[in-house]
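Sharing a structure below in structure tokens format, with a few things to ask.
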Amino acid sequence: MTTQTIRAAILGASGYTGAELVRLLSQHPNVEIVVLTADRRAGEKLETVFPQFGALDLPDLMSIEQVEWAGVDVDVVFCCLPHGTTQDVIRGLMHKTGHTLIDELVIETREDYIAEIRKPVKVIDLSADFRLENVDTYAEWYGHEHLAPSLQKVAVYGLTELAREKIKVADLVACPGCYPTSAILPLAPLLAARQIDPNDIVIDSKSGVSGAGRAAKEGSLFTEVSTGIHAYGVANHRHGPEIEQELSRAAGQDLVVAFTPHLMPMNRGILSTIYVKLADGVTAEDLHDTLSVRYEGEAFVNVLAFGQTPASRHVAGSNYALIGVVADRRPGRAIIVSTIDNLVKGASGQAVQNMNLMFGLAETTGLTQQPLFP
């Protein structure tokens with residue numbers, strides 16, 4: 001394992017995922033944080049935003065425009081910016097760090113990109129701006145044209161356990177959304193094995209309030225969420241096409257799922273309850289066996305004993321994903337329960353996991369913190 005020092009920049013360090021990256025990277029033996037941006041808090045120290053980081057030696061916050069990329073020695077840039085803003089920022093960033101031909105090239109494949117303009121800077125995006133391969137689908141769901149379509153062709157969808165080899169050689173990784181991570185991990189192996197009906201999948205997901213981000217929103221106010229639960233984005237949540245993209249890849253056919261997210265009165269965590277129809281001759285125990293074999297030896301995905309289901313508290317603060325399989329009372333059906341911490345495995349932890357792969361480190365480096373309980 002290499003003993004290199006990776007110099008990291010975090011764009012959007014004043015948000016929840018940015019703060020989670022600081023927490024994780026500050027304990028990473030191979031990382032030095034050299035740039036932190038937060039446009040509205042530029043000129044301040046991060047400890048003025050998050051006092052828990054006061055004991056760390058960190059650079060002051062600055063705006064993205066203030067960063068002199070050509071003069072800064074940076075190996076990896078984590079983008080924790082709002083959806084719809086990251087494409088233009090990353091396109092400009094790659095220009096400033098040496099990717100000067102990006103807009104002049106006609107890029108058809110990742111190989112074209114690597115052969116022509118590959119540079120040492122790595123970019124790991126935690127927004128949704130590079131997750132959808134089809135730029136028309138992106139425009140439909142996000143309300144504007146994709147601003148960096150040539151870069152979209154070379155972006156790797158970074159669900160670590162399912163794209164490990166591609167991530168190792170990537171320059172731009174699009175980290176999956178939190179809901180998609182919780183759904184794709186259990187469903188993709190079962191669809192690939194043809195053990196469930198691809199046309200009969202229901203994903204019922206619950207998330208902590210931090211999934212809505214740190215910006216002030218009426219729907220995130222304490223009185224709006226503290227004593228109840230509500231569905232949102234019903235039949236039109238933007239994570240739907242992302243889930244369908246990856247499950248269609250696993251199934252080898254286009255599919256549409258029923259996906260409904262809910263907001264829960266908790267700070268962090270995601271729990272997805274997934275209802276599936278079994279293929280002919282397949283039992284719920286077969287599903288459990290397939291997932292157990294697929295994730296055997298994985299550091300961060302644990303399939304529980306058959307019939308046991310996890311709770312969100314079992315993964316809080318950690319990069320772990322827990323999966324349980326139960327036979328439904330209705331013949332020919334099964335229920336899968338999957339849980340992750342939305343800020344760690346669903347965002348910043350998976351980003352660090354991907355960084356480790358991209359720089360030839362052990363995948364678990366800096367990520368072995370055990371869940372917090374109670």
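Read-outs: derived from the displayed coordinates by stated rules, not from any lab. This is a predicted model, so every value here is computed, not measured. When we count neighbours, we look across all protein chains shown, and the Cβ atoms used for this are built from the backbone with ideal geometry, even at glycine.
Springs between alpha-carbon pairs under 10 angstrom, Gaussian network model over the chain: which of Pro59, Pro51, Pro29 fluctuates most?
Largest GNM mean-square fluctuation: Pro51.
Going highest first, how would you order 229-240, 255-266 by mean Cβ packing within 10 Å?
255-266, 229-240
Sort the following peptides by mean Cβ neighbour count (other Cβ atoms within 10 Å, averaged over residues), highest first: 85-94, 356-365.
85-94, 356-365
For all pairs of alpha-carbon atoms in the chain, what percent lies in each bin of width 20 Å, listed from the first bin to the last filled one?
Pair shares across the bins are 29, 59, 12, 0.
Determine the calculated [θ] at 222 nm for the chain from helices alone, applying -39500 (n - 2.57) to every DSSP H run no shorter than 4 residues and normalising by the residue count; nearest 500 deg cm²/dmol.
Taken over the chain, the calculation gives -7500 deg cm²/dmol.
Additional query: How high is the relative contact order of the stretch 179-342? Use alpha-carbon pairs under 8 Å, at least six apart in sequence, and give a whole percent.
Once normalised by length, the contact order is 29 percent.
Only bridges whose two residues both fall in the stretch 179-342 count here: according to DSSP, what percent of them are antiparallel, nearest 5?
Taking every DSSP beta bridge with both residues in the stretch 179-342, the antiparallel ones total about 75 percent.
With the Cα gyration tensor of the stretch 179-342 giving a ≥ b ≥ c as the square roots of its eigenvalues, does the rule (a/c under 1.5 for rounded; else a/b larger than b/c for prolate; else oblate) give rounded, prolate or oblate?
The shape class here is prolate.
Let me ask something else about it. Whole-Hz ³J(HN,Hα) for each residue in the stretch 184-194, computed from phi via Karplus 6.51 cos²θ - 1.76 cosθ + 1.60 with θ = phi - 60°, x for glycine and proline: what do you get?
6, 3, x, 8, 4, x, 6, 5, 4, 8, 6
Of the cross-linked pairs Lys166/Lys206; Lys168/Lys345; Lys166/Lys217; Lys153/Lys206; Lys122/Lys153, which ones have a Cα-Cα span greater than 26 Å in the structure shown?
Where the Cα-Cα span goes over 26 Å, the pairs concerned are Lys166/Lys206; Lys166/Lys217; Lys153/Lys206.
Give me the one-decimal Kirkwood hydrodynamic radius in Å for the stretch 14-79, with the sum taken over alpha-carbon pairs.
Averaging 1/r across every pair of different Cα atoms and inverting gives 12.3 Å.
Answer with one residue from Thr223, Ile335, Ala284: the one whose Cα lies farthest towards the positive end of the charge dipole of the stretch 179-342, charges on Cβ with Lys, Arg +1 and Asp, Glu -1.
Of the listed residues, the answer is Thr223.
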